Amino acid sequence: MLTLPEYDEKGLLQLVSEGDESAFRELFHRHADSLGSFIFRLTRSTVSAEEIVQEVFLKIWTTRTSLKEVDNFRAYLFVLSRNQTLNAMRKTARELNRQKQWEAHQAAQQQVEENETFPQLEAIVDNAIRHLPPQQQSAWLLSRKDGLSHQQIATTMGLSRETVKKYIMYANQSLTRFIRSHSRGNN
């Protein structure tokens, strides 16, 4: 067999159409770089350009018997590449749209769950607060609901600052235990 660069384009296409793999490799090497540059200009992605070049040449190989009818291979190649690129871009757009829809659905589902859970959790917390001893309950409510400092609570309740600190610490521990034992997952 003659070396492939001696063949003109039409002869090379004839060999490829007959299943000559070395002729196909030569065809690929002659056109892959310029085709990749063309596709890159459309996609702005090196990875996408490489994948599309591979897909285009795979399609050429699988439909190789029709190559002997091609008069202007370069035009044929670029039309095939443009179409393959547009298909890939449409597919990517559909995937992005599906991803956005899924994310929106997940966010809506999470919001529904939070809206259902919050009132239940709020009721558990209110119940937990009602179960605190009176002094702890008062100190905790003045701290958390009214935003008073330990010193302000001590003055209001007529207690030492250290006693207020202990009441709030004990209240936090009691509330945590109560909430854990009454939350949805531990029933």
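The values are calculated or read from the model by the stated rules, or taken from the named source; none is laboratory data. Keep in mind that what you see is a predicted model, and the values were worked out from it rather than measured. Methodologically, a virtual Cβ is constructed for each residue, glycine included, from the backbone with ideal geometry; neighbour enumeration extends over all protein chains shown.
A Cβ distance below 6 Å, combined with a sequence gap of six or more or placement on separate chains, defines the contacts here; from region 134-148, residues that are assigned by TED's automatic domain parsing to the domain that holds residue 168 and closer than 7 Å to residue 167 by Cα reach residues that are of a type in the set (Val, Ile, Thr) and assigned to a helix (DSSP H, G or I) in the pairs 139/153; 139/164; 139/168. Consider only pairs whose beta carbons are under 9 Å apart and that are at least six residues apart or on different chains; among these, list those whose first residue lies in region 51-80 and is free of Cβ contacts under 8 Å to residues at least 24 places away in the same chain and whose second residue is of a type in the set (A, V, I, L, M) and outside any helix (DSSP H, G or I). Close Cβ pairs satisfying both conditions: 76/70. Screening region 66-81 for residues that are closer than 17 Å to residue 40 by Cα and touching a Leu at 6+ places or on another chain (Cβ under 9 Å) and picking the one that is surrounded by the most Cβ atoms within 10 Å (Cβ to Cβ) gives 81.
For region 28-78, enumerate the residues that are within 18 Å of residue 18 (Cα to Cα), among the polar types (S, T, N, Q) and in a helix (DSSP H, G or I).
Looking only at region 28-78, we keep the residues that are within 18 Å of residue 18 (Cα to Cα), and these are 28, 57-71, 73.
Within this subset, residues satisfying the condition of being among the polar types (S, T, N, Q) are 62-63, 65-66.
Listed by number, the residues that qualify are 62, 65, 66.
The single condition from (1) acidic (Asp, Glu); (2) under 30 Å from residue 60 (Cβ atoms); (3) at pLDDT below 90 that residue 126 fails is (2). Taking the criterion of being of a type in the set (S, T, N, Q) and surrounded by 14 or more Cβ atoms within 10 Å (Cβ to Cβ), the residues of region 138-187 that qualify are 138, 143, 152, 156, 163, 172, 174. Residues in region 123-148 that are of a type in the set (A, V, I, L, M) and part of a helix (DSSP H, G or I): 123, 124, 125, 128, 129, 139, 141, 142.
Taking the residues in region 3-44 that are under 26 Å from residue 92 (Cα atoms) and exposed (fewer than 15 other Cβ atoms within 10 Å of the Cβ) as candidates, determine which candidate is nearest to the chain's Cα centre (by Cα).
Here is the first cut: in region 3-44, the residues under 26 Å from residue 92 (Cα atoms) are 28, 31-44.
Next, from what is left, pick out any that are exposed (fewer than 15 other Cβ atoms within 10 Å of the Cβ): 33-34, 37, 41, 44.
On the way: 33: 32, 34: 33, 37: 29, 41: 26, 44: 20 Å.
Here the answer is 44.
If I filter region 45-60 down to residues being more than 25 Å from the chain's Cα centre (by Cα) and surrounded by 15 or more Cβ atoms within 10 Å (Cβ to Cβ), which single residue comes out as nearest to residue 28 (Cα to Cα)? Write out each step before concluding.
Initial filter on region 45-60 (more than 25 Å from the chain's Cα centre (by Cα)): 53-60.
Filter once more, keeping what is surrounded by 15 or more Cβ atoms within 10 Å (Cβ to Cβ): 53, 55-57, 60.
Details: 53: 9, 55: 12, 56: 10, 57: 7, 60: 10 Å.
That would be 57.
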